[in-house]
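Colleague: Here you go, one structure.
The values are calculated or read from the model by the stated rules, or taken from the named source; none is laboratory data. Given the structure is predicted, the values throughout are model-derived calculations rather than measurements. Cβ atoms come from the backbone with ideal geometry, glycine included; neighbour counts cover every protein chain shown. When the accessible area is computed, the model is the full protein with side chains, heavy atoms only, and any ligands, DNA or RNA have been set aside. Shrake-Rupley method; radii C 1.70, N 1.55, O 1.52, S 1.80 Å.
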Amino acid sequence: MKLSRTRLDRFVSLHTDIAKNSIRLLIAQKKITINGLLAHSANQTITPFDQVNVTGKMLPHKTAHYVVLHKPKGVVSATRDDKNQTVLDIIQHPHKDELHIAGRLDFNTTGLMLLSNDGFWTRHLSLPELCIQKHYLVTTADPITEQYRTQFLAGIDFNFEGITTKPAVLTIINSHQAELALTEGRYHQVKRMFGFFNNTVTQLHRFAIGPLHLPANLAPGNYAELTQQQAYSMLKPNNSNQITPKPD
Ligand code: URA
């Protein structure tokens, strides 16, 4: 679904019989509010979720949804699939037809997935300049050594893409388990990074994205919702406060 941003004057003239060039006057007369705050410019950008009130009349707007899903194993991170169940098939969200996925997990990877109908938010979640960390618990077939830690910090060449992975932080828990924090999401990235050492990832679980942790009481297949304020606070660089979503 295309959810584009529009200038305030265009938005108001689209939804009312007020001409675009009359909007400045209405703003000066304090007759337009956006989400309860006075509009200050005809150029302000409006999202489909903004509540624009013109001379006491609310213009049409959508409700944004921010879904935190505990993805179980054996489910495809897609909105449609001919063979397997998708993450959308397993949830009963009333607006699931509007939702799209922010960052995929492999078929057998479990853990935190985000879905939303707010395209602006999902696009910003993956902006490299925001450096939002994704945290994984990794279990491997062979022992993990200190050498992995140094190599992951230095980066690994992914010849197919012609890139070197960004510094990633590995915290070794025991001989076959570690936590890995990445700031990017290349195809099969974690498996390929461990593959550099010919070590197979036997289990992979994403437990956090930035300040948002998968709630301990959210069972596989269940979801919770974030408020818009919680969702947007994830986009603040270096946000260290933990966000707790409310269960469905
Ligand atoms: N890296 C992987 O290899 N798989 C995932 O599902 C996520 C990150």
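Colleague: Binned at 5 Å from 0, what are the whole-percent values of the Cα-Cα distance distribution for the stretch 94-167, short to long?
Modeller: 3, 11, 15, 19, 22, 15, 8, 5, 3, 0
Colleague: Any idea what the dipole of the stretch 133-209 comes to, in debye rounded to 20, about its Cα centre with Lys/Arg Cβ at +1 and Asp/Glu Cβ at -1?
Modeller: Roughly 180 debye for the stretch 133-209.
Colleague: Let me know the Kirkwood hydrodynamic radius for the chain, please, with Cα pairs as the basis and the value in Å to one decimal.
Modeller: Values: mean 1/r = 0.0492 Å⁻¹.
Over the chain, the inverse of the mean reciprocal pair distance is 20.3 Å.
Colleague: Still on this structure, I have one more. Measure off 7 Å from each Cα along the Cα-to-Cβ vector at residue 81 and residue 133, then give the distance between these two points in nanometres to one decimal.
Modeller: 2.9 nm
Colleague: Let me ask something additional. Compute the FRET efficiency between residue 58 and residue 166 as 1/(1 + (r/R0)^6), taking r as their Cβ-Cβ distance and R0 = 35 Å, and round to the nearest 0.05. Walk me through the intermediate numbers first.
Modeller: Numbers: r = 44 Å, r/R0 = 1.26.
Working from the Cβ atoms, E equals 0.20.
Colleague: Continuing with the same structure: Step through the table entries 31/62; 62/236; 20/246, compare each Cα-Cα distance with 31 Å, and write down the pairs that go over it. Could you put the intermediate results ahead of the total?
Modeller: Values: 31/62 22 Å; 62/236 24 Å; 20/246 41 Å.
Exceeds cut-off: 20/246.
Colleague: Here's another thing I want to ask about it. Per-residue ellipticity at 222 nm for the chain, helices alone: DSSP H runs ≥ 4 residues times -39500 (n - 2.57), over residue total, nearest 500 deg cm²/dmol?
Modeller: Taken over the chain, the calculation gives -4500 deg cm²/dmol.
Colleague: Moving to a separate point now. Among 62-69, 91-98, 167-174, 9-16, how do they line up from the highest to the lowest mean number of other beta-carbon atoms within 10 Å?
Modeller: Working: 62-69: 21.6, 91-98: 12.9, 167-174: 14.6, 9-16: 18.1.
Put in order of decreasing packing, that is 62-69, 9-16, 167-174, 91-98.
Colleague: Let me ask something else about it. At a threshold of 8 angstrom on Cα-Cα distance, excluding pairs fewer than six apart, so keeping six or more, what relative contact order does the chain reach in percent? Present the calculation step by step, with values, prior to reporting the outcome.
Modeller: Values: 468 pairs, mean separation 46.4, N = 248.
So the answer I get is 19 percent.
Colleague: Quote the relative contact order of the stretch 6-58 in percent (integer), defining contacts as alpha-carbon pairs under 8 Å separated by 6+ residues.
Modeller: On the way: 66 pairs, mean separation 20.4, N = 53.
Relative CO of the stretch 6-58 lands at 38 percent.
Colleague: While we're on this one: If you project the alpha carbons of the stretch 1-127 onto their three principal axes, what span does each projection cover, largest first, in Å?
Modeller: 57, 26, 21
Colleague: Here is a further query. Give, in nm to one decimal, the length gained when the segment between residue 142 and residue 159 is fully stretched (0.36 nm per residue of separation minus the Cα-Cα distance). Walk me through the numbers on the way to the answer.
Modeller: Values: separation 17, 0.36 × 17 = 6.12 nm, distance 2.40 nm.
So the extension gain works out to 3.7 nm.
Colleague: Please work out the average accessible area per residue across the stretch 6-58, using the 1.4 Å probe convention, and give it in Å². Walk me through the numbers before you get to the answer.
Modeller: Numbers: 3120 Å² over 53 residues.
Value returned for the stretch 6-58: 59 Å² of accessible area per residue.
Colleague: Now, a different point. Can you find, among 46, 58, 25, the residue farthest towards the positive end of the dipole of the stretch 6-58? Put +1 on the C-beta of Lys and Arg, -1 on that of Asp and Glu.
Modeller: Farthest along the dipole direction, towards plus: 25.
Colleague: List the lysines whose Cα lies under 24 Å from the Cα of residue 83, skipping any in the same chain that are fewer than 8 positions away.
Modeller: 71, 73, 96, 191
Colleague: Of the chymotrypsin sites (Phe, Trp or Tyr not before Pro) in the stretch 163-213, which ones lie in a loop per DSSP and count no more than 11 other C-beta atoms within 10 Å?
Modeller: Numbers: sites: 187, 194, 196, 197, 207; in loops: 187, 196, 197.
Qualifying residues, ordered by number: 187.
Colleague: Loop-only check: which trypsin sites (Lys or Arg not before Pro) in the stretch 151-210 are DSSP coil with at most 14 other Cβ within 10 angstrom? Intermediate results must be reported in sequence, preceding the final value.
Modeller: Working: sites: 186, 191, 192, 206; in loops: 186.
Listed in order of number, the matching sites amount to none.
Colleague: Taking every eigenvalue of the Cα gyration tensor of the stretch 133-209, multiplying by 5 and rooting it, what semi-axes result, largest first, whole Å?
Modeller: Semi-axes, largest first: 17, 14, 12 Å.
Colleague: Among rounded, prolate and oblate, which fits the stretch 6-58 when a ≥ b ≥ c are the square roots of the eigenvalues of its C-alpha gyration tensor, a/c under 1.5 means rounded, and a/b larger than b/c means prolate?
Modeller: Numbers: a/c = 1.26, a/b = 1.07, b/c = 1.17.
Cα axes put the stretch 6-58 in the rounded bin.
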